[in-house]
Each structure stands twice: as structure tokens, then as C-alpha cells.
1. What percent do you get for the relative contact order of region 66-138 when only Cα pairs under 8 Å and 6+ apart count?
2. By how many nm would the segment from ASN96 to ARG29 lengthen if fully extended, with 0.36 nm per residue of separation less the alpha-carbon distance?
3. I need the shape label for region 6-53. Rule: rounded when a/c is under 1.5, else prolate if a/b > b/c, else oblate, with a, b, c from the alpha carbon gyration tensor.
4. I'm checking a number: the convex hull volume of the Cα atoms of region 1-80, normalised per residue, in Å³. What is it?
5. Report the paramagnetic label zone for ALA135: residues of region 83-115 whose backbone N is under 20 Å from a point 7 Å from Cα along the Cα-to-Cβ axis.
6. Over the chain, what is the relative contact order in percent, taking alpha-carbon pairs closer than 8 angstrom and at least six residues apart?
7. How much of the DSSP beta bridge set in region 34-109 is antiparallel, as a percent to the nearest 5?
8. Among DSSP bridges having both ends in the chain, what percentage is antiparallel? Round to the nearest 5.
Amino acid sequence: MLVRLLYASRSNTELTPEMIDAVLATSRRNNPALGVTGLLCYSGDIFMQVIEGGRDVVNQLYTRICADERHKDVILLHYEEIIERQFAGWTMGQVNLARVNPSVLLKYSERPVLDPYKVSGQVSMALLQELIATACIVSRAG
Ligand SMILES: Cc1cc2nc3c(=O)[nH]c(=O)nc-3n(C[C@H](O)[C@H](O)[C@H](O)COP(=O)(O)O)c2cc1C
């Protein structure tokens, strides 16, 4: 049984490329064995991550992520049982939203910035789907 979980959080320190690389390295080390796929978006001090996989695994990983002291204000935006994955191609894809065309962000919010705390989980999921459709997702840093 597969589920998809979406959350957002705020970094506890300035979001540096080193910190993002460290999170992605851990994700790419652990997620294949867990059967987890997903996407990590970031912009300013905000993370937004979708994780897909088996229900137990996703729930346990989310609990672990919530306890991570590198971020705070973790908010669950969306959780659903799914028939198929949307991010099957990514162990943990990444999107630096500062590099995405602002019109993509503006399509889903009042201003062209990522603020998952202000929009519905449904809107944030729609933004992620748009990122897939417009090939904004990067598999590896660089
Ligand atoms: C924003 C964010 C996203 C994370 N995503 C994942 C993830 O997808 N997979 C993962 O194993 N750990 C992820 N982590 C790290 C976990 O919180 C935790 O540090 C890690 O799973 C511990 O694994 P380790 O014992 O192998 O170091 C994330 C952390 C942060 C701050």
C-alpha cells in the first residue's frame, strides 16, 4: 500500500548549499533501500518535500524528519493513499525554486514566492505537478 506525504518546514539556520547537499546525500543513501521516492524543494528558508512509498516506511521517515534539528515549524500539508507514484523517477529530486521561472510560482499564489504556509496543500501539490511537467526537477546537485 502506497502513500504520498507532503510537508513544509523552515530551516533553523540560513539555508546553505552545503546543508541542502547533506540532506540530499542522506536521502539518496537511505531512500532506495526504503523504496522511497520524492522531491525536495527549497527557497529562502523554506523546505517543501514530498515523499512517496509504503505507508509504514513513509510514516516512520516523516517522524524522523520531524525530529531533525536542522528545521522547525514542520507542517503536514497533504497525505493520501495512492495507486501509483508521481515521483517514481527520483530517489530524491531537488528544485531550487529561486531558479524556477517566477510565473510558475505566480500561477499558484498571490506573489511569485514559495509560501506553503499560506496556500492549501492541494495548491502546493499542483505546483509540484507543474514542476514535473516543466522538467524543473534535478536529480543530482550540480
Ligand atoms: C528537509 C529535510 C528532508 C529530509 N529528507 C530525508 C529523506 O528523504 N530521507 C532520509 O533518509 N532522511 C531525510 N532527512 C534526514 C533525516 O531527518 C535524518 O537525519 C536521517 O534520516 C537520518 O539518517 P541516518 O541515520 O542514515 O543519518 C531529511 C532532513 C531534512 C531536514
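1. For region 66-138, the relative contact order is 32 percent.
2. Extra length available between ASN96 and ARG29 comes to 22.1 nm.
3. Since a/c reaches 1.5 but b/c is at least a/b, the shape of region 6-53 is classed as oblate.
4. Output value, Cα hull per residue: 76 Å³.
5. Once the point is set 7 Å along Cα→Cβ of ALA135, 86-105 turn out to lie under 20 Å by backbone N, inside region 83-115.
6. 33
7. 65
8. 85
None of the figures in this text is laboratory data; all of them are computed from the coordinates on show. Note that the structure is a prediction, hence the values are computed from the model and not measured. All Cβ positions, even for glycine, are placed from backbone atoms using ideal geometry, and neighbour counts span all protein chains on display.
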